[in-house]
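Heads up, the thing below is written out as structure tokens.
We did not get these values from a lab; they are worked out from the coordinates using the rules stated. Because the structure is predicted, anything quoted here is derived from the model rather than measured. Cβ atoms come from the backbone with ideal geometry, glycine included; neighbour counts cover every protein chain shown.
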Amino acid sequence: MVDTLYVELGDRSYPIVIGSGLLDGGYDLSGFVRGSDCMVVSNETVAPLYYEKLLPNLAGRNVANVNLPDGEAYKTVATMQSIIDRLVETGANRDATVIALGGGVVGDIAGFAAACYLRGVNFIQVPTTLLAQVDSSVGGKTGVNHEKGKNLIGAFHQPQVVLVDTATLETLPDRELKAGLAEVIKHGAICDAEFFAWLEENMAALLRRDPDALVHAIRRSCEIKAEVVAADEREAGRRAVLNFGHTFGHAIEHCQGYGQWLHGEAVAAGMVMAADFGGMQAGELERLRNLVAAAGLPTSPPTAGADTLREAMGLDKKVQQKQLRFVLLDGLGRAFVTAEYDEPGLARILEAAD
């Protein structure tokens with residue numbers, strides 16, 4: 001069964017297609033490919049598993065490819081440049097299509113290359129990790145890291161379609177699956193208390209990769225993100241709630257060294273830190289902490305040093321006029337963004353990393 005929902009952005013609207021076995025010729029992508037030339041961007045881990053399976057979905061097109069090294073450490077301008085170089089080498093024109101086949105790192109880099117090449121070419125997302133399927137492939141954020149901070153270089157560039165083949169999760173390492181669950185938990189925490197409660201009841205099923213549970217978690221996460229993005233495409237206001245846990249989480253990633261803690265692991269600890277910092281009722285904070293722990297994710301930061309984390313947080317993209325802003329919770333399912341916070345309270349949270 002194929003399930004389709006839409007990100008409503010006027011003339012930039014696009015479908016999210018969810019199903020199992022879609023890469024085995026199960027979904028014709030030709031309607032989303034403008035010209036005759038495609039460039040499939042993948043990495044050295046995913047390409048051997050799924051590149052050949054993707055090709056029947058691109059019948060009749062001229063398909064080139066480039067495989068990137070695997071890992072957050074390679075989410076750099078230099079790696080993005082290698083995609084641009086390959087596009088130039090193949091003579092790709094403005095009607096070319098860049099297709100991201102992989103996890104969030106591949107999608108972010110390939111999307112940024114597509115946004116930059118000839119001032120913007122067609123782009124398709126084929127996410128193969130849970131984190132990418134529920135979060136990074138949807139919404140048009142693309143970019144790479146800078147040595148001073150995460151995702152500091154990038155562009156908004158919406159895909160033509162997001163093709164989610166849940167069968168790809170069968171080859172996903174357990175650690176990566178758990179990292180993706182952090183973003184699933186986030187969606188419930190910020191927007192949907194009922195979904196959060198469903199996750200509490202079904203976390204064991206998700207961890208054992210029950211197909212029905214995974215499809216529900218992916219669809220509801222995509223619905224939530226699509227609704228938020230449709231209301232605020234370029235993060236002028238409401239979309240910032242999707243960064244719940246990320247102000248702390250990005251700082252953790254930066255201080256640990258990209259790839260040492262996975263993005264979802266850092267966000268998981270960051271969500272608990274943010275909920276504690278925001279003064280949630282003790283019972284709801286405990287529910288969040290327990291759900292994160294049930295997913296096999298960290299509930300506290302690594303030893304990094306309060307001052308080091310505070311400095312890294314200063315480069316968060318939500319900072320305005322040198323003022324930190326935080327995504328906090330009034331309660332489960334109710335997120336808000338604020339620049340008003342208690343500095344001693346922040347010090348208390350950061351000192352847990354000393």
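Taking the chain as the reference, fit the longest principal axis to its C-alpha atoms, fit the long axis of helix 77-89 to the helix C-alpha atoms, and give the angle between the two in degrees, 0 to 90, nearest 10. The two axes meet at around 10 degrees. Annotation: peptides 10-19, 258-267, ranked by per-residue average of other Cβ atoms within 10 Å with the highest first, follow the order 258-267, 10-19. Once the Cα-Cα distance is subtracted from the 0.36 nm per residue extended length, the Thr4 to Trp198 segment shows a gain of 67.7 nm.
Once C-alpha pairs closer than 8 Å and six or more residues apart are averaged by separation and normalised to the residue number of the chain, the relative contact order reads 15 percent.
Taking every lysine pair in the chain that is 8 or more places apart or spans two chains, those with Cα atoms closer than 20 Å amount to 23. Here's how it looks for Val98: its modeled amide H is under 5 Å from those of Met39, Asn122, Phe123, Ile124, which are all 5 or more places away or on a different chain.
3J(HN,Hα) along the stretch 107-124, derived from phi through the Karplus expression 6.51 cos²θ - 1.76 cosθ + 1.60 where θ = phi - 60°, amounts to x, 5, 5, 5, x, 5, 4, 5, 5, 8, 5, 6, 6, x, 10, 4, 8, 10 Hz, with x in place of Gly and Pro. From helices alone, the chain scores -13000 deg cm²/dmol at 222 nm; the rule is -39500 (n - 2.57) for each run of n ≥ 4 DSSP H residues, then divide by the residue total. If only the Cβ of Lys and Arg carry +1 and only the Cβ of Asp and Glu carry -1, the dipole of the stretch 174-353 around its Cα centre is close to 280 debye. Placing unit charges on the Cβ atoms of the charged side chains and taking the dipole of the chain about its Cα centre, the candidate lying farthest along the positive direction among His187, Gln323, Val215 is Gln323.
Taking 7 Å steps out from each Cα toward its Cβ at Asp28 and Leu152 produces label points 4.7 nm apart.
Between the helical axis of 211-231 and the longest alpha-carbon principal axis of the chain there is an angle of about 80 degrees.
GNM on the chain, alpha-carbon springs under 10 angstrom: the most fluctuating residue among Gly237, Gly104, Gly296 is Gly237.
Projecting label points 7 angstrom from Cα along Cα→Cβ for Ser300 and Ala352 puts them 0.8 nm apart. Using Cβ point charges alone (K and R +1, D and E -1), the dipole size of the chain about the Cα centre works out to roughly 680 debye.
Shape class for the stretch 3-171: rounded, because the ratio a/c of the largest to smallest gyration tensor axis (alpha-carbon atoms, square roots of eigenvalues) is under 1.5. Reducing the stretch 192-265 and the stretch 124-162 to their Cα centroids gives an inter-centroid distance of 13 Å.
Seen from all directions on average, the stretch 75-175 presents a Cα convex hull projection of 6.6 nm².
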